Each structure stands twice: as C-alpha cells, then as structure tokens.
Amino acid sequence: MTTPPSGPPPWPPPQPPYWPPFQPPNVPYAPPPWPPTEPAVKKSRTGWLIASVVVVTFLVAGGVLAYFTLLGGPKSTEREISSRATSFAEAVDTDDQRKVLDMMCAEEADELLELDTWDPLGPQSPDPSRKKPITITGVTVRGDVAQAEFTRTDPPLEGALYFLKEDGAWKVCDSVSKQFDDEPN
C-alpha cells in the first residue's frame, strides 16, 4: 500500500483574489467601444481655383463690355464729333435752319440771329433731296475744342468744321479755329 502524500489536501482549490489584477499605469482596461476614425482626407483646392478664375474672367469681361457700351471706348469723342459734323452738313444742305441754330455755339448762334437774311423759322420742312455726300477724314480733339476735317465730292471741297464743348454737348463754333492754326488744312 502506498502512503498518502504529506501536506495539505489538494482540495478545495485556491480562491481568486479580491482586487483587480495588476495593470501598468495609463493603459486602458479595454479597447474603445467605437472603431478608430480615418485620418481626414485633404481636399483638393483645384475646384476653387478654377471657379475663382472663371468668376474673375467674367467680371473683367463685363467691365470691358460696360466700358465700351456705356462710354463708347476711347474713340467715342471722335465718333461723336464726326457724327455732329455730318449732321451739321446735312442740316445746312437741306436748309434746316432750326437744326443749324441748335448745333451752333451760343456766341455764333446769337450772331446768326442778328443777320437780316436769317429766317429763324426757316422752311416749314427741310428738303432731304438736297443732301450732298460728306466724308469726315480726320478728327482732332484738344480738351474742349475739336476740329473735324472733311471732303465733299459735289462740288469738290475740302475743309474743316470746328467744335466747342458747351453745356456738355459739342457745338459748331468757327471762332475756335485759331486754336488749330498750327495744323495744315
């Protein structure tokens, strides 16, 4: 027969400890209950850059269009004087005395009204069949005075009309011709 081993009996098993098991400091007991987030993806700024360029392009194009539409661009004064010269020549050709008077500067209009041969009422209806061709060959502007050079074919004639800016409008005014004496006609 064998003898029982000495020491305490193997039964009952040892009891678990009453405190939590040892953990190193600053280490959580369990992983977080949510999945880890992805790092933020850096968005491309190409879209904003393209949109900005398009907006700036439209603004510049709109500004240029407004400049040429509203102000007529850099040649608007020359075009206006050319148009006024043509209108004045047509008024003289058709004997439209009211229009001639309205297109003249105040000083020369007053002189014209003092002439005995001038009829301020003029013919009741101007005769458009008397219009003659006129070509404006050049316009020179010097501040508030201007010169419009012209040629006519019937009869052949070359000359110039002179203008003064009066009350915001260009008026035919021959008295400013001396300011253009340095230019050959």
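Within region 99-114, being modelled with pLDDT under 85 and in contact with a Pro (Cβ under 8 Å, 6 or more places away or on another chain) holds for one residue alone: Leu113. The residue list Glu166, Glu158 contains one member that is more than 20 Å from Arg79 (Cβ to Cβ) and in contact with an Asp or Glu (Cβ under 9 Å, 6 or more places away or on another chain), which is Glu158.
Taking the condition of being surrounded by 10 or more Cβ atoms within 10 Å (Cβ to Cβ) and either aliphatic (A, V, I, L, M) or touching a strand residue (DSSP E or B) at 6+ places or on another chain (Cβ under 6 Å) (or both), how many residues in region 36-52 meet it? Explain how you work it out, then say what you get.
Narrowing region 36-52 to residues surrounded by 10 or more Cβ atoms within 10 Å (Cβ to Cβ): 48-52.
Within this subset, residues satisfying the condition of being either aliphatic (A, V, I, L, M) or touching a strand residue (DSSP E or B) at 6+ places or on another chain (Cβ under 6 Å) (or both) are 49-51.
Selection size over region 36-52: 3.
Gly143: under 28 Å from the mean Cα position of the chain (by Cα) and of a type in the set (Gly, Ala, Ser), yes or no? Yes.
Taking region 155-178, which residues are in a loop (DSSP other than H, G, I, E, B) and over 29 Å from the mean Cα position of the chain (by Cα)? Step through it out loud before you land on a result.
So the first thing to find is which residues in region 155-178 are in a loop (DSSP other than H, G, I, E, B), and the list is 155, 167-168, 173.
Passing the criteria: Pro155, Cys173.
Just checking, which of Thr137, Thr117, Thr86 is surrounded by fewer than 16 Cβ atoms within 10 Å (Cβ to Cβ) and at pLDDT 85 or above?
Thr137
The residues on offer are Gly72, Gly62, and the sole one that is modelled with pLDDT under 80 and either more than 19 Å from Asp167 (Cα to Cα) or surrounded by 13 or more Cβ atoms within 10 Å (Cβ to Cβ) (or both) is Gly72.
The values are calculated or read from the model by the stated rules, or taken from the named source; none is laboratory data. Only a predicted model underlies this, so the values are computations on that prediction, with no experimental measurement involved. No Cβ is skipped: glycine too gets one built from the backbone with ideal geometry, and neighbour counts run over all protein chains shown.
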